[in-house]
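Visitor: The structure's right below; bear with me while I get my questions together.
The values are calculated or read from the model by the stated rules, or taken from the named source; none is laboratory data. This one's a predicted model, so the numbers in the text were calculated from it and none came from an experiment. All Cβ positions, glycine included, derive from the backbone under ideal geometry; neighbour counts span all protein chains shown. The area values use the complete protein model at the heavy-atom level, side chains included, leaving out ligands, DNA and RNA. Shrake-Rupley method; radii C 1.70, N 1.55, O 1.52, S 1.80 Å.
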Amino acid sequence: METSIQYLPGVGPKRAELLQKELGIATVGDLVHLYPFRYIDRSSITRIADVQPDLAQVQVRATVTKVRLYAKNGAELPAEKLKYNAVSRLSAMVADASGEMEVVFFKGVKWMHSRLVPGSTFIFFGKPAVFGHKLNMVHPEVDAPDTATSGVLTGVYPSTERLKNAGITGRAMLKLMSAALADVLPTLQETLPDYVLKEKGLVPLSYALRQIHFPQDQRALGKASYRLKFEELFLLQLSLLKQKYIRSKSAVGINMPAVGEAFNACYNALPYQLTGAQKRVIREIRDDMRSGHQMNRLLQGDVGSGKTMVAVLSALIAVGNGFQACIMAPTEVLAQQHFANISKYLRPTGVKAALLTGTTGVKDRREIHAGLRDGSIGILIGTHALIEDTVEFRALGLAIIDEQHRFGVEQRSRLWNKGYQQVPPHVLVMTATPIPRTLAMTYYGDLDVSVIDEMPPGRKPVTTLCVGEGKRHAMHNFIRDEIAKGRQAFIVYPLIFESEKLDYKNLELGYEEIVKAFPLPNYKVAIVHGQQTAQEKAFNMDAFVAGRANILVSTTVIEVGVDVPNASVMVIESAERFGLSQLHQLRGRVGRGAERSYCILMKGTKVSKESQKRLDLLCATENGFELAEEDMKLRGPGDLEGTQQSGLPISLNIASLAKDGLILTDARAYAGHILDADPTLSSAVNAPLAAELKKDKYQSKDYSQIS
Ligand code: ADP
Ligand code: MG
């Protein structure tokens, strides 16, 4: 496995270097773990006459009849004395016995021109489309029809133009693979213990490797790919869970055995029933807090799912056991709103809460510091200000961080140090950033994850539409109608740091325009942005929250948390410049009270295809997790042909977090089951697993860092 590939027949130092450079393959072991990303199935060739533009991807076997090259202005270029940098498009007509279609290339034209010689036959794989009434395929994959060496299914490997130019074609790759397998299979070490193979019904590694490269048939391929995916996800989860086990064993936590009176007083006075999901999550948190180990839990819940209530009740458990709790919010506005809300919930309990932010005056601050030290303040709510060194608690038992993605790891560790008698507080991290469950299991693999997957009753659907500049006037009229019904509207501008000045300019111009369209005395418009003083911000925010202003123009400071149930319209300017999850967060600000709410995505004139897809997705669904899953699929494929999920912190070779969620869930549960019996993997039967986890790729990965 460790032998350099240069010793394989037909490789040598030069090609070895190229393989290393282009695909990162240095050893025979690397090579046999480079799997086909697709198979040519010779039994599923579609006749051109049967190709329909609404089909997903098809495979045709066709002969090139004519090739033409075009310049940017559309003029056809003569084939002689050709300068390739003048070519903007290659068009080839290809035909089989049933009909003819066009294939088009905008990139890699030179290479394709040399391959697509009229008279030669290829297998073209791609998505059919119609352009000007004619059937075509843009950038199909092109394979020689005779690459198959055995069976019906032939593997297609990731490749690059450089590799192909150096003669490492699909066919050469298959030959290499065959030689490599002949080398390694006879002495191959099985990586998974026997009992794992049996219990999970997995095929042996040697069989899996042979079949993944040279499948006998679909069934064998399915078994091989399942085994390899399972192994990959299982080992990753095993390494994450093992870290978690080690930590939970060594990290002592404050024991909080009671629920306490404060909890019950608050619970019994709630104006509504908790949802099933809220109850379940509170139970999970309570179990952590009385386990004797430190809690490190991530609470995920879509915007409006009711995380605040979970935070309050958790904090009251800490208070009920004689400890204090703090709740840290990412912005001043949000901390204030939390404080106002939470104080209401605390009224029946007699527990005292305080608000500490950057703008808290010296006198108040002194009082708060004293109250924290003598324990008279039970719950402290605030911004970053509450992790300053001058803030000392009598007995901090629980730290809750709202909207985690805005806090760094370092700040988290400062909270740890505020614990009681050297014991760190329990930590609950709350986030509304919907990330796919499978990703959460991997990113936060060493945290416990709770999910609120149920909305409180009474949330109204939000109608989302995406419109262009031409509808601006209509949008204003629409807002007027809503205001006439007594509703309020948000208008949000993007703020992207590279062009901060320009962004503020846009915001100001937008504000002026709105004030003109909605003049005093009939209308009042408030504005909030990051360059205002805290007082200005609070003044404007309060005006909107209290209903004195009809419209709030702002940057994304209102993105998280802010609750104005009377607002029924959310207008997002230059919506194409926001990320999907941010758009979803913003939309979550409406639909909290009014009969019907609307989210209007105003898009600019230049919107990329990908941005348009994002906007379309948002119009199509309101489910944050569904959006996150779709977004992951959208951003799935990487640059290199056949590689997946670039941009993720973990490189997976065969499994896909987007597609293999079920295998992942199973693999994680199974890994947990094994660690329950043998937390250190020191029993003899688990020796192969312990050996695998010693490999570099499982060492020192900090998945707990969040974007
Ligand atoms: P988020 O998860 O976005 O922080 P919040 O905690 O702000 O959500 O809750 C959103 C709204 O739903 C609040 O107005 C809150 O009072 C209300 N709410 C929370 N839980 C319930 C429930 N079980 N039933 C009805 N309304 C609820
Ligand atoms: Mg919230």
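Visitor: Read through the list (1) in contact with a helix residue (DSSP H, G or I) (Cβ under 7 Å, 6 or more places away or on another chain); (2) within 13 Å of ligand 2 (Cβ to nearest atom); (3) within 30 Å of Gln532 (Cβ to Cβ), then give the number of the only condition that Tyr345 fails.
Guide: Failing condition for Tyr345: (2).
Visitor: Identify, please: which residue in the range 287-322 is in contact with a Pro (Cβ under 8 Å, 6 or more places away or on another chain) and surrounded by fewer than 24 Cβ atoms within 10 Å (Cβ to Cβ) and is, among those, nearest to Pro425 (Cα to Cα)?
Guide: Here the residue is Gln294.
Visitor: Kindly establish whether Thr359 is among the β-branched types (Val, Ile, Thr) and either modelled with pLDDT under 90 or open to solvent by 40 Å² or more (accessible area, probe 1.4 Å) (or both). Working first, answer last.
Guide: Details: among the β-branched types (Val, Ile, Thr): yes; either modelled with pLDDT under 90 or open to solvent by 40 Å² or more (accessible area, probe 1.4 Å) (or both): yes.
In short, yes.
Visitor: Determine whether the range 420-430 contains at least one residue that is within 16 Å of ligand 1 (Cβ to nearest atom), surrounded by fewer than 19 Cβ atoms within 10 Å (Cβ to Cβ) and at pLDDT below 85. Outline the logic, then answer.
Guide: We begin by selecting, within the range 420-430, every residue within 16 Å of ligand 1 (Cβ to nearest atom); these are 428-430.
From what is left, the residues that are surrounded by fewer than 19 Cβ atoms within 10 Å (Cβ to Cβ) are none.
Scanning the range 420-430, I find no residue that is within 16 Å of ligand 1 (Cβ to nearest atom), surrounded by fewer than 19 Cβ atoms within 10 Å (Cβ to Cβ) and at pLDDT below 85, so the answer is no.
Visitor: Could you identify the single residue in Leu135, Leu197, Leu174, Leu185 that is surrounded by 14 or more Cβ atoms within 10 Å (Cβ to Cβ) and touching a helix residue (DSSP H, G or I) at 6+ places or on another chain (Cβ under 7 Å)?
Guide: Details: Leu135 fails: touching a helix residue (DSSP H, G or I) at 6+ places or on another chain (Cβ under 7 Å); Leu197 fails: touching a helix residue (DSSP H, G or I) at 6+ places or on another chain (Cβ under 7 Å); Leu174 fails: touching a helix residue (DSSP H, G or I) at 6+ places or on another chain (Cβ under 7 Å).
Only one candidate passes the filter, namely Leu185.
Visitor: Now for a different question. In this structure, does Pro257 turn out to be surrounded by fewer than 19 Cβ atoms within 10 Å (Cβ to Cβ), part of a loop (DSSP other than H, G, I, E, B) and within 12 Å of ligand 1 (Cβ to nearest atom)?
Guide: Values: surrounded by fewer than 19 Cβ atoms within 10 Å (Cβ to Cβ): yes; part of a loop (DSSP other than H, G, I, E, B): yes; within 12 Å of ligand 1 (Cβ to nearest atom): no.
No, not satisfied.
Visitor: Okay, next question. Which of (1) in a loop (DSSP other than H, G, I, E, B); (2) closer than 16 Å to Ala180 by Cα; (3) among the hydrophobic types (A, V, I, L, M, F, W, C) is the odd one out, the single condition Ala79 does not satisfy?
Guide: (2)
Visitor: Quick check on the range 613-623. Is at least one of its residues modelled with pLDDT under 85 and either within 16 Å of ligand 2 (Cβ to nearest atom) or not in a strand (DSSP E or B) (or both)? Break it down into steps so the answer makes sense when it comes.
Guide: Quick first cut of the range 613-623, residues modelled with pLDDT under 85 only: 623.
Cutting the leftovers down to either within 16 Å of ligand 2 (Cβ to nearest atom) or not in a strand (DSSP E or B) (or both) gives us 623.
Among the residues of the range 613-623, at least one is modelled with pLDDT under 85 and either within 16 Å of ligand 2 (Cβ to nearest atom) or not in a strand (DSSP E or B) (or both), which makes the answer yes.
Visitor: Identify, please: which residue in the range 513-535 is more than 15 Å from Val492 (Cβ to Cβ) and under 35 Å from the mean Cα position of the chain (by Cα) and is, among those, most open to solvent (accessible area, probe 1.4 Å)?
Guide: Filtering the range 513-535 for residues more than 15 Å from Val492 (Cβ to Cβ) gives 515-524, 531-535.
In the following step, the residues that additionally are under 35 Å from the mean Cα position of the chain (by Cα) were identified as 531-534.
Values: Gln531: 118, Gln532: 26, Thr533: 70, Ala534: 32 Å².
Here the answer is Gln531.
Visitor: Here is a further query. Taking the criterion of being within 13 Å of ligand 1 (Cβ to nearest atom), assigned by TED's automatic domain parsing to the domain that holds Gly419, at pLDDT below 90 and not in a helix (DSSP H, G or I), would at least one residue in the range 318-327 satisfy it? Let's see the steps before the verdict.
Guide: Start the filter on the range 318-327 by keeping residues that are within 13 Å of ligand 1 (Cβ to nearest atom), which leaves 327.
So of that shortlist, the ones also assigned by TED's automatic domain parsing to the domain that holds Gly419 come out as 327.
Going one step further and asking which of them are at pLDDT below 90, we end up with none.
No, that holds for no residue.
Visitor: Here is a list: Arg394, Arg373, Arg365, Arg347. Which entry is in contact with an Asp or Glu (Cβ under 9 Å, 6 or more places away or on another chain) and part of a helix (DSSP H, G or I)? Please lay out each step first, then the result.
Guide: Working: Arg394 fails: part of a helix (DSSP H, G or I); Arg365 fails: in contact with an Asp or Glu (Cβ under 9 Å, 6 or more places away or on another chain); Arg347 fails: in contact with an Asp or Glu (Cβ under 9 Å, 6 or more places away or on another chain).
Criteria check complete, one pass: Arg373.
Visitor: Sticking with this structure for a sec: Which one of the conditions (1) open to solvent by 10 Å² or more (accessible area, probe 1.4 Å); (2) over 20 Å from Ile379 (Cα atoms); (3) within 16 Å of ligand 2 (Cβ to nearest atom) does Gln273 fail to meet, given that it meets all the rest?
Guide: Only one criterion in (1) open to solvent by 10 Å² or more (accessible area, probe 1.4 Å); (2) over 20 Å from Ile379 (Cα atoms); (3) within 16 Å of ligand 2 (Cβ to nearest atom) is unmet by Gln273, namely (3).
Visitor: Another one. Check whether at least one residue in the range 586-599 is closer than 15 Å to Leu495 by Cα, out of contact with any Lys or Arg (no Cβ under 8 Å at 6 or more places or on another chain) and open to solvent by less than 10 Å² (accessible area, probe 1.4 Å), and report yes or no.
Guide: Start the filter on the range 586-599 by keeping residues that are closer than 15 Å to Leu495 by Cα, which leaves 586.
Those left that are additionally out of contact with any Lys or Arg (no Cβ under 8 Å at 6 or more places or on another chain): 586.
If we keep only those that are open to solvent by less than 10 Å² (accessible area, probe 1.4 Å) as well, we get 586.
Checked against the condition, which is being closer than 15 Å to Leu495 by Cα, out of contact with any Lys or Arg (no Cβ under 8 Å at 6 or more places or on another chain) and open to solvent by less than 10 Å² (accessible area, probe 1.4 Å), the range 586-599 yields at least one hit.
Visitor: If I filter the range 388-407 down to residues being over 14 Å from Val429 (Cβ atoms) and of a type in the set (Val, Ile, Thr), which single residue comes out as modelled with the highest pLDDT? Quick ask: steps written out before the conclusion?
Guide: Initial filter on the range 388-407 (over 14 Å from Val429 (Cβ atoms)): 388-397.
Right, trim to of a type in the set (Val, Ile, Thr) and you get 390-391.
Numbers: Thr390: 85, Val391: 90.
Per the stated criteria, the residue is Val391.
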